[in-house]
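The values are calculated or read from the model by the stated rules, or taken from the named source; none is laboratory data. Remember, it's a predicted structure, so these values are computed and weren't measured experimentally. Neighbour counts are summed over all protein chains in view; Cβ atoms, including those assigned to glycine, are modelled from backbone coordinates with ideal geometry.
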Amino acid sequence: MKLNISKTKVISFTRKTNLLIYDYKLFQTSIARTDSVKDLGVFIDAKLYFHDQVNYIFSQCAKLLGLVRNITYNFSSLDCMFSLYTTLVRSKLEYASVVWNSITSTDANKLERIQQRFAALCFKRFFPKVHYNYSLALEELKLHTLCTRRHRLDALFLIQVYFGSKFCPSALEIVGLRVPARYIRDFALFNVCSLFKNCPSARCAAAANVVCREVDVFGARNVLPKQILNTV
């Protein structure tokens, strides 16, 4: 199999200011260096801030939300609008979020604005006499903030890895099960070595420990995703 040099890029993942740059070559041709690559629909930048990913998601979802607003102008059913939002918009907002959920609070707030616009649209059409408030809208529409859902998706991913539903050996190497020496009512189920406390698996473990206090993760497997994502 021959590699296409025009589609081959070099990227160095580091946050150092003084970067050692080496001229990599393929068939005596230098490979172009880049600061951001797209892999399986996710933009990954050299410093792993995921700004490009957030900007891309925001742009795409803003357009889709505008489409939903236009095609539902004469809709009288809130359920139809909700289905369109969750299917077309929120699915993109959460695509591969386990990979890029280390985003800054500024980027997280930027993505949250998409759901805020949807909530405001629903209140304007179906609750015109009620003063709009985002927290009230979430309660009325039975929605969670996108940040909360991303953390629960982190937890769900790790739990599914431990149950064998997803394949991720690196997570199993870093995250272990914590078995207390005696019975206690509140304890963390997952334990991470201090050497890996800043890795994505540690973030997933922290989220899973919170979820395990609210949901019986050893119950029926077929309803587990719904229980984790819908529990307040």
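Observations on the model:
Here is a yes/no grid of residues against (1) farther than 19 Å from Thr106 by Cα; (2) in the same structural domain as Asp107 (by TED's automatic domain parsing):
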position	(1), (2)
Asp45	no, no
Tyr56	no, yes
Leu65	yes, yes
Asn70	yes, yes
Cys80	yes, yes
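- Candidate set from the stretch 175-212 (those that are basic (Lys, Arg) and within 20 Å of Asn101 (Cβ to Cβ)); member that is modelled with the lowest pLDDT: Lys197
- For the stretch 33-81, filtered to residues that are of a type in the set (Phe, Trp, Tyr) and over 13 Å from Trp100 (Cα atoms), the residue that is surrounded by the fewest Cβ atoms within 10 Å (Cβ to Cβ) is Tyr73.
- If the condition is being among the hydrophobic types (A, V, I, L, M, F, W, C), under 13 Å from the mean Cα position of the chain (by Cα) and surrounded by 15 or more Cβ atoms within 10 Å (Cβ to Cβ), then the stretch 82-108 contributes Leu93, Val98, Val99, Trp100, Ile103, Ala108.
- Hey, Tyr73 aromatic (Phe, Trp, Tyr), under 26 Å from Asn4 (Cα atoms) and more than 17 Å from the chain's Cα centre (by Cα) or not: no
- Selection within the stretch 157-167 - part of a loop (DSSP other than H, G, I, E, B) and touching a residue at least 24 places away in the same chain (Cβ under 8 Å): Ser165
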